[in-house]
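Heads up: the structure comes next, in structure tokens.
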């Protein structure tokens, strides 16, 4: 915290929702927690829901991409324990998940602009 203050950051009255330490506003305008880094200050339950939903979709997108990559490597290796047809079915299911997640993220981003 002292390093942030020496660098010209301003301590805010709001605290981190995770660790309860005071938040700091950098000269760039970015709000950060000294422990967790960048945070977003929300003013309504709708904002909390939107941020939580987006974070959940981001996590699900990472899981889907990792699963797709593993299945792709299984197909490339040719020695799939599941059998190629089952790998293809699983790959199709994960691709559908990834597509839906990305569509939902676009819908959310569009609704926030309106």
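The values are calculated or read from the model by the stated rules, or taken from the named source; none is laboratory data. Everything numeric here is computed off the predicted structure, so don't read it as measured data. Virtual Cβ from ideal backbone geometry, glycine too; neighbours counted across all protein chains shown.
Look at residue 50 and say whether it is outside the structural domain of residue 6 (by TED's automatic domain parsing) and in contact (Cβ under 8 Å) with a residue 60 or more places away in the chain.
When the stated conditions are applied, residue 50 passes them.
All but one of (1) farther than 29 Å from residue 113 by Cβ; (2) modelled with pLDDT under 90 hold for residue 55; state the number of the condition that does not hold.
Status for residue 55: all satisfied but (1).
For the range 1-16, enumerate the residues that are farther than 12 Å from residue 32 by Cβ and within 25 Å of the chain's Cα centre (by Cα).
Taking the range 1-16 as the starting set, the residues that turn out to be farther than 12 Å from residue 32 by Cβ are 2, 5-6, 8, 13, 15.
Answer for the range 1-16, where residues must be farther than 12 Å from residue 32 by Cβ and within 25 Å of the chain's Cα centre (by Cα): just 15.
Kindly evaluate residue 85 against the criterion of being part of a helix (DSSP H, G or I), in contact with a helix residue (DSSP H, G or I) (Cβ under 6 Å, 6 or more places away or on another chain) and either over 17 Å from residue 112 (Cα atoms) or modelled with pLDDT under 85 (or both).
Here the answer is no, as residue 85 does not meet what is asked.
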